[in-house]
1. Among (1) surrounded by 14 or more Cβ atoms within 10 Å (Cβ to Cβ); (2) under 11 Å from the mean Cα position of the chain (by Cα), where does G36 come up short?
2. Out of the stretch 45-64, which residues are in a helix (DSSP H, G or I), without any contact (Cβ under 8 Å) to a residue 12 or more places away in the chain and more than 21 Å from V21 (Cβ to Cβ)?
3. Which condition from (1) on the phi < 0 side of the Ramachandran plot; (2) exposed (fewer than 14 other Cβ atoms within 10 Å of the Cβ) is the one that E61 breaks?
4. Quick one: D5 ticks every box in (1) assigned to a helix (DSSP H, G or I); (2) closer than 15 Å to D70 by Cβ; (3) among the acidic types (D, E) except a single one, so which number is it?
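Just so it is clear, none of the values below were taken in a lab; they were calculated from the coordinates. This one's a predicted model, so the numbers in the text were calculated from it and none came from an experiment. Heads up, the Cβs are rebuilt from the backbone with ideal geometry, glycines too, and the neighbour counts pull from every protein chain shown.
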Amino acid sequence: MTRADIFQVVKANITRIVEDVDAAAISERVSMSELGADSLQVVEVVSRSMKELKLKVPRTELSTAQTLKDLLDLFEKAAAGGA
């Protein structure tokens, strides 16, 4: 599983869950809150993405993610067997 694969899953979940999000605005540099997601939507995006990708990341690590890049870094690490 590549980083691009992980990003596509996360992006698809953001567009499904966050209302009126501009898909073109979704990049690694932004946070989900900058895209208009509230805290419940963030949890839903992360949970659905982890389930779809079959990944487990400890909540303590997830809480450190500020941007989508941070989240993708955590998911990529977990996919490689590091989490």
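1. Result: G36 fails condition (2) only.
2. Just the residues of the stretch 45-64 that are in a helix (DSSP H, G or I), to begin with: 45-53, 59-62.
So of that shortlist, the ones also without any contact (Cβ under 8 Å) to a residue 12 or more places away in the chain come out as 47, 51, 59-60.
Scanning the stretch 45-64 gives R59, T60.
3. (2)
4. Exception for D5: condition (2).
Residues are listed down the side, and each one gets a yes or a no for (1) assigned to a loop (DSSP other than H, G, I, E, B); (2) without any contact (Cβ under 8 Å) to a residue 12 or more places away in the chain; (3) in contact with a strand residue (DSSP E or B) (Cβ under 9 Å, 6 or more places away or on another chain); (4) among the acidic types (D, E):
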{"site": "N13", "(1), (2), (3), (4)": "no, no, no, no"}
{"site": "R29", "(1), (2), (3), (4)": "yes, no, no, no"}
{"site": "L40", "(1), (2), (3), (4)": "no, yes, no, no"}
{"site": "V43", "(1), (2), (3), (4)": "no, yes, no, no"}
{"site": "Q66", "(1), (2), (3), (4)": "yes, no, no, no"}
{"site": "L72", "(1), (2), (3), (4)": "no, no, no, no"}
